[in-house]
C-alpha cells in the first residue's frame with residue numbers, strides 16, 4: 001500500500017483544495033491529510049474555522065482516506081506514524097523542501113516530495129479571497145439574503 005501525505009490548513013474549503021487533494025491522491029493508494037492545528041498557523045491569518053471542524057470537513061472529502069490533526073509541537077510526528085512514500089505540498093505552501101528532506105532522513109524516513117501545481121478552474125480558490133468577498137458584500141452582517149442572519 002503506497003501512502004501519500006498531503007498537508008494544509010484547509011480553512012473554508014474551495015475547489016483549489018479539492019484539486020490539491022485529488023492530485024495528491026494520484027501518487028499512491030491511500031491518502032492521509034494532516035490538517036494544521038490552529039495554534040500552528042503562523043504564516044497567514046488564523047483560520048476562521050476551528051481545527052476540529054476543518055479536519056471533519058477534510059475527512060468527508062471523497063479523495064481522502066484519513067484526516068488527522070497535526071502535532072502541536074513536532075510537525076514530523078504524524079509523518080513518522082504514517083510513514084508515507086510521498087509527501088505533497090500545495091503550490092503556495094512555504095516549505096523548504098531541502099530542510100524537510102534532511103529532517104526526514106534524520107528520522108529514518110525517505111519519502112518522495114512532490115509540489116502540486118495551482119488550480120486555475122474556478123474564481124474563488126483562496127480562503128482569504130472568499131473572506132474578503134464576504135466582508136465586501138456583507139459589511140457588519142448587513143444585507144444578508146432573506147431568511148439568513150449574521151447570527152447563528
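Values in this text are rule-based calculations from the coordinates and carry no lab data. All figures in this text were calculated on a predicted structure; none of them were measured in a lab. Here the Cβ positions follow ideal geometry from the backbone for every residue, glycine too, while neighbour counts run over all protein chains shown.
Against the chain, whose longest principal axis is taken from its Cα atoms, helix 97-106 shows a tilt of about 50°. Take 98-108, 30-40, 65-75, 48-58 and order them by the average number of nearby Cβ atoms within 10 Å per residue, most first; the result is 30-40, 48-58, 65-75, 98-108. Based on C-alpha pairs under 8 angstrom that are at least 6 apart in sequence, the chain has a relative contact order of 27 percent.
Please state the shape class of region 33-104: rounded when a/c is under 1.5, otherwise prolate if a/b exceeds b/c and oblate if not, all from the C-alpha gyration tensor. Because a/c hits 1.5 or more and a/b fails to exceed b/c, region 33-104 counts as oblate.
For residue 136 and residue 115, the difference between the fully extended length at 0.36 nm per residue and the C-alpha to C-alpha distance is 4.3 nm.
Residue exposure proxy: 138, 19, ordered by other Cβ atoms within 10 angstrom of their Cβ from fewest to most, comes out as 138, 19. Summarised in one figure, the compactness ratio Rg/Rh of the chain, Cα atoms and Kirkwood Rh, is 1.01.
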